[in-house]
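Everything below concerns the one structure shown next.
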Amino acid sequence: MKTEFSRFILGLTAAFALPWLLLIVLPYYQLSTIEPELYSEEDEVDAAASYPPAWTGASSDGESVYASSGCIYCHTQMVRPTYAGVDMWRKGWGGNEEDGLARETRPQDYSGDSYAMLGYMRIGQDLANVGTRHTDRAWYHLKLYNARTQVVDSNMPSYKNLYRKRLIDGQVSDNALKLEGRFAVEEGYEVIPTEKAEALVDYLLSRKMDAKIPGQGVEKEVAAASTDK
Ligand code: HEC
């Protein structure tokens, strides 16, 4: 009886410990040692640059707005490899297709983030490369203020709390949202983005994982040379 009980406890421990070791501890040690890679001369990228490039703009403030607004419940930031999904066939998801830089996500892509916003559900599109697909700030503000200004039946929630409605002081502000039709506000009022909204848009614009991968240009040339023979 006693041995059966200790076997049960042992089995239970193993059932929890093994997945913990394989899914958490091992990947942690494999991925936490990733360092930025330097470009070599053959890559024809600015010599001082390294991969992945540093994020620009106020994107780290935007990261916390992204986290606290719950965007992660509906959006992922991960272009899956082709064996695991159809992401690479979706236009613009893999990034800059015109320059041949579209690709799957690599672990290094997240090293500039303080937290990798991988997400787990796709009610909306993947946002790993949204900064390549959309480059207009006003477009992002309209989407966040009310997604239905662009997609009639969108079920993305409105983030009006990131905007202020105020009386127009003299003339309309440069950054006021261009709200038309049923979204228009009363005469004499305007809607302007708060700092949080601006930071979130900076963060979204920075979502483009299309930096050249060190050594890849060389590999391609070698491959081309060997097929020439
Ligand atoms: C309840 C789910 C939900 C939440 C939460 C949500 N979204 Fe969305 N989002 C969607 C859906 C659905 C779409 C597609 C329809 C549309 O474009 O409006 C979308 C579309 C988008 C797009 C357009 C993507 C493209 O490629 O056209 C952006 C950008 C976006 N969301 C950003 C955000 C941000 C930033 C947040 C957090 C502040 C957020 N979303 C929160 C559901 C959600």
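Here are a few things to note about the model shown:
- Boolean, Trp89 is of a type outside the set (Asp, Glu), surrounded by fewer than 10 Cβ atoms within 10 Å (Cβ to Cβ) and over 25 Å from Tyr203 (Cβ atoms): yes
- Any hit, segment 209-221, residues being at pLDDT 95 or above and under 30 Å from Asp87 (Cβ atoms): no
Residues checked against (1) hydrophobic (A, V, I, L, M, F, W, C); (2) touching a residue at least 12 places away in the same chain (Cβ under 8 Å):
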{"position": "Leu23", "(1), (2)": "yes, no"}
{"position": "Leu31", "(1), (2)": "yes, yes"}
{"position": "Asp61", "(1), (2)": "no, yes"}
{"position": "Cys74", "(1), (2)": "yes, yes"}
{"position": "Arg80", "(1), (2)": "no, yes"}
{"position": "Met88", "(1), (2)": "yes, yes"}
{"position": "Pro107", "(1), (2)": "no, yes"}
{"position": "Tyr110", "(1), (2)": "no, no"}
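- Odd one out for Gln108, checked against (1) assigned to a loop (DSSP other than H, G, I, E, B); (2) under 25 Å from Ser32 (Cα atoms); (3) among the polar types (S, T, N, Q): (1)
- Residues being within 15 Å of the ligand (Cβ to nearest atom) and exposed (fewer than 14 other Cβ atoms within 10 Å of the Cβ) - total across segment 174-194: 1
So that you can scan it fast, the table gives a plain yes or no per residue for (1) at pLDDT 95 or above; (2) within 16 Å of the ligand (Cβ to nearest atom); (3) surrounded by 13 or more Cβ atoms within 10 Å (Cβ to Cβ):
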| site | (1), (2), (3) |
| --- | --- |
| His141 | yes, yes, yes |
| Leu144 | yes, yes, yes |
| Met156 | yes, yes, yes |
| Asn161 | yes, yes, no |
| Gly170 | no, no, no |
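- Taking segment 160-178 as the range and being in contact with a Lys or Arg (Cβ under 9 Å, 6 or more places away or on another chain) and either touching a residue at least 60 places away in the same chain (Cβ under 8 Å) or not polar (S, T, N, Q) (or both) as the test, only Leu162 passes.
- For segment 179-212, a residue qualifies if it is without any contact (Cβ under 8 Å) to a residue 24 or more places away in the chain and small (Gly, Ala, Ser), and the qualifying residues are Gly181, Ala184, Gly188.
- Here Arg103 passes the criteria (1) modelled with pLDDT of 90 or more; (2) surrounded by 12 or more Cβ atoms within 10 Å (Cβ to Cβ); (3) not small (Gly, Ala, Ser) except the one numbered (1).
- Selection from segment 25-47 of residues that are surrounded by 10 or more Cβ atoms within 10 Å (Cβ to Cβ) and either assigned to a helix (DSSP H, G or I) or basic (Lys, Arg) (or both): Val25, Leu26, Pro27, Tyr28, Gln30, Leu31, Glu42, Asp43
- Residue check for Lys165: outside any loop (DSSP other than H, G, I, E, B) and of a type in the set (Lys, Arg): yes
- Restricting segment 100-139 to residues that are among the β-branched types (Val, Ile, Thr) and more than 16 Å from Pro53 (Cα to Cα) leaves a set whose member that is farthest from the ligand (Cβ to nearest atom) is Thr135.
- Some residue of segment 136-156 being assigned to a loop (DSSP other than H, G, I, E, B) and over 23 Å from Arg90 (Cβ atoms): yes
The values are calculated or read from the model by the stated rules, or taken from the named source; none is laboratory data. Note that the structure is a prediction, hence the values are computed from the model and not measured. Don't worry about glycine lacking a Cβ; one is built from the backbone with ideal geometry, like all the others, and counts go over all protein chains shown.
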